[in-house]
2 protein chains.
Amino acid sequence: MRFSAQVHVTLKPTVNDPQGNAVLGSLHTLGFESVEAVRVGKYLTLALDAADEPTAKAQVDSMCERLLANTVIESYETVISQT
Amino acid sequence: MRFSAQVHVTLKPTVNDPQGNAVLGSLHTLGFESVEAVRVGKYLTLALDAADEPTAKAQVDSMCERLLANTVIESYETVISQT
């Protein structure tokens, strides 16, 4: 069966986010003074084959642990749907 | 009022995604042969002040148009929630 996976990789809340701070500064420069905080993360969509949804979920979690996220400083969330 | 905005910025479907292709190759090398496609995008969370939700939505859409997304090759989706 064919599945689609949506993966969000975000910096843990206590980790400094220089990219987010740079975006925040640029937004202020552009006149968007009302913005108070920006955090930047990654959003990945994967297409994969698996026997069933739990197997697909386990595979994607394993991909996050081994490659997609640096779990020392990042968290990840995965959503699997059949396509 | 204080709002939280979730912004997804993704490459348009017809645009080549070298970063996604690199991730796909690495996943295959790691043994995840069942993955068929990977697309990599950005996921931003913003905290901002606005008078009401439509105003917040309009502001965030404007930020996407002017800074957060390159609308020639990228699409964006925004979700606003009150915090």
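Restricting attention to region A:28-43, and to residues there that are farther than 30 Å from B:Leu24 by Cβ and among the small types (Gly, Ala, Ser), which single residue is farthest from the other protein chains (Cβ to nearest Cβ)?
Among those that are farther than 30 Å from B:Leu24 by Cβ and among the small types (Gly, Ala, Ser), it is A:Gly31.
Would you confirm, using the coordinates I've provided, whether A:Ala51 is buried (at least 20 other Cβ atoms within 10 Å of the Cβ) and either small (Gly, Ala, Ser) or at positive phi (or both)?
no
Checking A:Asn16 against (1) assigned to a helix (DSSP H, G or I); (2) more than 24 Å from B:Asn21 (Cα to Cα); (3) polar (S, T, N, Q): exactly one of these is not met. Which one?
(1)
Just to check your reading of the model, which residue among A:Val38, A:Val23 is without any contact (Cβ under 8 Å) to a residue 24 or more places away in the chain, touching a helix residue (DSSP H, G or I) at 6+ places or on another chain (Cβ under 6 Å) and under 24 Å from B:Ser4 (Cβ atoms)?
Within the list A:Val38, A:Val23, the selection yields A:Val38.
Have a look at A:Ala56, A:Ala69 and point out the one that is among the hydrophobic types (A, V, I, L, M, F, W, C), buried (at least 20 other Cβ atoms within 10 Å of the Cβ), farther than 20 Å from B:Thr10 by Cα and out of contact with any Cys (no Cβ under 6 Å at 6 or more places or on another chain).
A:Ala56
Is at least one residue of region B:14-27 under 23 Å from A:Leu68 (Cα atoms), aliphatic (A, V, I, L, M), facing chain A (nearest Cβ under 7 Å) and under 17 Å from the mean Cα position of the chain (by Cα)?
No, that holds for no residue.
Provide a single number: the residues in region A:44-73 that are facing another protein chain (nearest Cβ under 7 Å) and under 15 Å from A:Met1 (Cα atoms).
Going through region A:44-73 one residue at a time, the tally reaches 6.
Collect the residues in region B:41-62 that are in contact (Cβ under 8 Å) with a residue 24 or more places away in the chain and hydrophobic (A, V, I, L, M, F, W, C), keeping them in residue-number order.
B:Leu44, B:Leu46, B:Ala47, B:Leu48, B:Ala50, B:Ala51, B:Ala56, B:Val60 - these are the residues of region B:41-62 that are in contact (Cβ under 8 Å) with a residue 24 or more places away in the chain and hydrophobic (A, V, I, L, M, F, W, C).
Taken together, the values in this text are just the output of simple stated rules run on the coordinates, not laboratory data. Computed from a predicted structure; not experimentally measured. Note that we place each Cβ from the backbone using ideal geometry, even for glycine, and neighbour counts take in every protein chain shown.
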